[in-house]
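Here, each number is a calculation from the coordinates, and none is a lab measurement. This structure is a prediction, so every number in the text was calculated from the model and none was measured. When we count neighbours, we look across all protein chains shown, and the Cβ atoms used for this are built from the backbone with ideal geometry, even at glycine.
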Amino acid sequence: MQREHLVAPSMLAANFLDLRQAVEMVNFSDADWLHLDVMDGRFVPNISYGLPVIKDVSAICKKPMDVHPMILEPEKYIERFRDAGADVITVHAEACDHLHRTVQQIKDTGAKAGVALNPHTPVSLLEDILEDLNLICVMSVNPGFGGQKFIYRSLAKIRRLRQMLTERNVDAYIEVDGGIGMQNAEAVLKAGADVLVAGSSVYKAEDPVEAVRKLKEVKAEVFDF
Ligand code: DX5
Ligand code: ZN
């Protein structure tokens, strides 16, 4: 079975002095979503950007905005992320004491609800909440930084998750985030991913539009469970 996949460039790897250009690249290219990484220096050991930047970006972004808060207590900011223009909000399971409530909170704003799993967090954690999710983000690096190496054991995790979704007939995206480029995109898609997040391999490429086009063109037969 051949599935249509989405490509979501991560603005974290863009030149912050040229954010307009970074967003226009997404508008102009085959990119499906713009991925926005929010870091608080607490949940992850790095600080990126926050609400005012997302809000300004939303004024010129013509594609859906996929916001990935890597922050503690994300429930405090859900409505504000939505007001700033988020179409998808993906919180970390590890950062939520009441994940079910936070997922409902995201849905109540009208945004799509996603849950991200760190490399050490098993997909079984989502067993009792799967039907409520619009997206599951498998982190294929430890969150906090762009440009890290893809953790290859994530492939087995993506496969397990695809199998769970198929068995339970749940229609949620599997997004994979971290270290993705042409060297592994086919394997990630074959394992069952729907959304490829790509920071460095797009924005650090000589021609980001072309880098997106290539990621979009990768063909992968998906094993049907
Ligand atoms: C990592 C972020 C990623 C990051 C991906 O903490 O969640 O979205 O920007 O960047 P690359 O593709 O360079 O690994
Ligand atoms: Zn991310």
Within region 1-48, how many residues turn out to be within 16 Å of ligand 1 (Cβ to nearest atom), over 16 Å from the mean Cα position of the chain (by Cα), closer than 22 Å to residue 208 by Cα and among the aromatic types (Phe, Trp, Tyr)? 1
If you take the residues in region 150-169 that are polar (S, T, N, Q) and more than 13 Å from residue 117 (Cβ to Cβ), which one is surrounded by the fewest Cβ atoms within 10 Å (Cβ to Cβ)? 169
Candidates 71, 78 - the one that is within 25 Å of residue 119 (Cα to Cα), away from ligand 2 (no atom under 15 Å from the Cβ) and buried (at least 18 other Cβ atoms within 10 Å of the Cβ): 78
Count of region 196-220 residues which are away from ligand 2 (no atom under 15 Å from the Cβ) and within 18 Å of residue 154 (Cα to Cα): 1
When every residue in region 138-149 that is more than 6 Å from ligand 1 (Cβ to nearest atom) and surrounded by 18 or more Cβ atoms within 10 Å (Cβ to Cβ) is compared, the one nearest to residue 194 (Cα to Cα) is 138
